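Trainee: Structure in structure tokens, see below.
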Amino acid sequence: MNVVPCYSGFLIAIEGIDGGGKSTQAQMVQERLEARNLRVLRTREPTTGQWGRILRESALTGRLSIEEEAETFMKDRREHVETEILPALREGAIVIVDRYYFSTAAYQGARGLDPQDLIRRNEEFAPEPDLLVLLDVEVTQGLDRVRTRGHRADHFEQIDNLRRAREIFLGIEKPYLLKIDARQDAQEICAPIVREFSVRYQQRIMKCGLAMKDDLSEALRDFAGSAPN
């Protein structure tokens, strides 16, 4: 998608290998935005729908074939986009997605598929994020965090697979990409995300010629000014 779709909402995708703190940041950003009375939808992939359940079960019991897995992720995402993401964006919500199609590119790319082709195929139906946050962490540290929270590593979290997935994540080149060292304190990670959101949201509104309410304008200025350089 080269043309900016002019819905009034804003899409934030938070990506990275396991143990990078994606869910923590999705929640923290949501709380920061909602504290200023902004409407937020926080969601995640795989979803809890029929296709998402298949993917979650396969991660624990034995993975699908590489092509079947990629297709199932895309079916799950298409349903997610059509029933949750796009309706919320059109209604002016800020949508925060914990994992998006870049995870499909990284993890299925680690299994041998072409990451760029996977991104292209997903972008045929899924809106590109207005802000893509990549939380980068070393594989060993990420796995240590996964184990610390009492979670058994599944097939998606094997060390060799994660190394290849991390390389693909780090190779992503998008103008809306914000890469952050996820070894930092959670508050230090959250601050630049909120700051970048405020800048890019104002840019989106200007590009689309949309009217900005006074309370939204004030909130965005505060976000930009409160985050450290």
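Trainee: Inside the stretch 37-64, can you point out the residues that are among the hydrophobic types (A, V, I, L, M, F, W, C) and touching a residue at least 12 places away in the same chain (Cβ under 8 Å)?
Mentor: Leu38, Val40, Leu41, Trp51, Ile54, Leu55, Ala59, Leu60
Trainee: In the set Leu86, Leu11, Leu60, which member is under 25 Å from Val199 (Cα atoms) and surrounded by fewer than 20 Cβ atoms within 10 Å (Cβ to Cβ)?
Mentor: Result of the check over Leu86, Leu11, Leu60: Leu86.
Trainee: Would you check if there is a residue in the stretch 188-203 being at pLDDT below 90, farther than 17 Å from Leu134 by Cα and part of a helix (DSSP H, G or I)?
Mentor: yes
Trainee: Can I ask one more? Kindly indicate whether Gly112 is small (Gly, Ala, Ser), buried (at least 21 other Cβ atoms within 10 Å of the Cβ) and more than 19 Å from Phe197 (Cα to Cα).
Mentor: Answer is no for this residue.
Trainee: Same structure again: Determine whether the stretch 41-49 contains at least one residue that is aliphatic (A, V, I, L, M), modelled with pLDDT of 95 or more and farther than 18 Å from Leu86 by Cβ.
Mentor: No, that holds for no residue.
Trainee: Looking only at the stretch 175-187, count how many residues are surrounded by fewer than 18 Cβ atoms within 10 Å (Cβ to Cβ) and either in contact with a Leu (Cβ under 6 Å, 6 or more places away or on another chain) or modelled with pLDDT under 75 (or both).
Mentor: 3
The values are calculated or read from the model by the stated rules, or taken from the named source; none is laboratory data. Nothing here was measured: the structure is a model prediction, and the numbers come from that model. With ideal geometry, Cβ positions are generated from the backbone for all residues, glycine too; neighbour counts draw on all protein chains shown.
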